[in-house]
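Please read the structure below before turning to the comments.
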Amino acid sequence: MQATKGSSHAALGTSSHVQVRNLGAGGSTCLDSPARRANLHKPVGLYPCHKQGGNQVHNLATGQCVDSPAKPEDNHKPVGLWPCHKQGGNQYWMLSKEGEIRRDEACMDYAGSDVILYPCHGSKGNQYWEYSPETNRIIHGSSKKCLAISQDRKKLVMEDCSLEEGRQKWKFENYDPNKKL
């Protein structure tokens, strides 16, 4: 697609992924909408453009992916795990430039017990995460603990970081550190 003459909007991408940018705001704001059919009635929203870490977040030791529905009734519930399936849906996550791991309007949040879904608030704190592609760790910003899969492989947990612990090694599909700047 191309921008029309005099337009302040442009569409970028292929037929499988298109970003619509508001060029009047410096090209930093994109339209986004839910991808699941059940949520197609929801309005399109404006979010910072990132194409940063979208898609699966999978554990390198177990082959399981972070997987959770993001409906309003799923807020305040633990984030789940499921075998990786590469079909998006409940396994489509985005790592925002602000350090949020988000799905729609819900973000991963850690306040000292379970890793839960919570409405994104933009204030970092419990929703701030750092991803290191060199060590494959996801580190919670305020606690400095690492995201891991429990030893019984049934849930997400937070642990003291250890470079040797495979349960703490994650890969964000499509992660590009150059887009984090």
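Derivation of every value follows stated rules applied to the coordinates shown; laboratory data play no part. Predicted model only: the values in this text are computed from it and were never measured. Neighbour counts run over all protein chains shown; Cβ positions are idealised from the backbone, glycine included.
Expected output is a single nm value to one decimal: the length gained when fully extending between Ser162 and Ser113, i.e. 0.36 nm times separation in residues minus the C-alpha distance. What is it? Working it through step by step, the gained length comes to 15.7 nm.
Farthest toward the positive end of the dipole of the stretch 57-180, out of Ser143, Thr62, Met108, is the Cα of Thr62, where the dipole comes from beta carbon charges about the Cα centre. If you take all other residues with their beta carbon under 14 Å from the beta carbon of Cys161, and give Lys and Arg +1 and Asp and Glu -1, the sum is -1. Among residues other than Thr135 with Cβ under 15 Å from its Cβ, the summed charge is 0 (Lys and Arg +1, Asp and Glu -1). Derived scalar couplings between HN and Hα for the stretch 160-168 equal 4, 5, 9, 5, 8, 7, x, 5, 9 Hz in order, rounded to whole Hz, by the Karplus curve 6.51 cos²θ - 1.76 cosθ + 1.60 (θ = phi - 60°), x for Gly and Pro.
Here is the size of the stretch 57-180 from its Cα atoms: Rg then Dmax, 13.0, 37 Å. Modelled this way, with points 7 Å down the Cα-to-C-beta line, the labels at His85 and Lys154 are 2.2 nm from one another. With Cβ to Cβ distances under 12 Å as the rule, what net charge do the other residues near Ser123 carry (K, R +1; D, E -1)? In short, -2. A convex hull fitted around the alpha carbon atoms of the stretch 117-181 yields 111 Å³ per residue. The slack in the chain from Ala61 to Asn174, taken as 0.36 nm per residue of separation less the alpha-carbon distance, amounts to 38.8 nm.
The dipole here belongs to the stretch 57-180: it is taken about the Cα centre, uses +1 on the Cβ of Lys and Arg and -1 on the Cβ of Asp and Glu, and is about 160 debye.
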